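Heads up: the structure comes next, in structure tokens.
The values are calculated or read from the model by the stated rules, or taken from the named source; none is laboratory data. What you see is a predicted model, and the numbers here were worked out from it, not measured in a lab. FYI the Cβ positions are ideal-geometry reconstructions off the backbone, even for glycines, and counts take in every protein chain you see. Protein only, heavy atoms only, side chains kept; ligands, DNA and RNA dropped before computing areas. Shrake-Rupley method; radii C 1.70, N 1.55, O 1.52, S 1.80 Å.
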Amino acid sequence: MLAKWDDLSDKQILDIGCGAGGWLRTLQEWGGEPEHLHGIDLLEDRIAQAKKMSPQIDYQAISGWPIPFTEQSMDLVTANTVFSSILDPEARLGLAKEMNRVVRSNILIYDFRISHPKNPDTIGIRKNEIRRLFPNFKIHMQTLTLAPPIQRKLAPLSPLLAYACEVLLPFLRTHAVYLLTRE
């Protein structure tokens, strides 16, 4: 299980939808070796920014599948707020199949679990959708992230109150993290 990893130095990690590479830089700070860190994104300008900030990490702009890595070449594949941006269920399934193809053991997904009524370009991704996308994985889910409108109002007044709401009122959490382990 991912939580038992105390050494990332020998792990091959792929971040899908890496943007400017912030998550991969965090993983590098936690001990991931730059030559084992890989990021892909649709937007070339974000990849260019990522390469400028961390030229030692492998960043690639890709426009679809297949993902440019061999079967089971990654110990961990991550996707942060990616699936919620793919409105077509079959396109989400296509990405999930590619993630399944390249990963050896673990997938980590952080995403919206609740659709935002004012943003038609995203959709909430619930546990049943993760189960549909990754039927051969054991799923561990944890809700988190206080609803951003509430967070924006409470945090300037009292960061402690905002934190307490997030911890004590799980129905106000709009995101979830899913740890998937191959069965």
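Below is a table of values for the structure above.
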{"read-out": "Distant-in-sequence amide H partners of D58 (H built 1.01 Å from N, under 5 Å)", "value": "L37, G39"}
{"read-out": "Percent accessible area from carbon and sulfur atoms, the chain, protein chains only, probe 1.4 Å", "value": "57"}
{"read-out": "Cut-off under 5 Å, modelled amide H: who pairs with E33 long-range", "value": "K11"}
{"read-out": "Helix axis angle, 148-157 relative to the chain longest principal axis, alpha carbon, degrees", "value": "60"}
{"read-out": "Amide H contacts of H175 (H built 1.01 Å from N, under 5 Å, at least 5 apart or other chain)", "value": "R113, L144"}
{"read-out": "C-alpha long axis of helix 44-53 to longest principal axis of the chain, angle in °", "value": "80"}
{"read-out": "Helix-only [θ]222 nm of the chain, DSSP H runs n ≥ 4, -39500 (n - 2.57) each, per residue, nearest 500", "value": "-9500 deg cm²/dmol"}
{"read-out": "The range 68-183 - charge dipole about Cα centre, Lys and Arg +1 at Cβ, Asp and Glu -1, debye rounded to 20", "value": "280"}
{"read-out": "Mean separation of Cα contacts under 8 Å, 6 or more apart, over the residue count of the chain: relative contact order %", "value": "19"}
{"read-out": "Surface per residue (accessible, 1.4 Å probe) for the chain, Å²", "value": "54"}
{"read-out": "The range 114-139-the range 153-183 distance, computed between alpha-carbon centres (Å)", "value": "18"}
{"read-out": "Contact order normalised by residue count of the range 48-133, Cα under 8 Å, 6+ apart, percent", "value": "30"}
{"read-out": "Identified option (computed Cα Rg over 2.2 N^0.38 Å; candidates (i) 1.46; (ii) 1.05; (iii) 0.97)", "value": "(ii)"}
{"read-out": "Accessible area (Å², 1.4 Å probe, nearest 10) - Y163", "value": "140"}
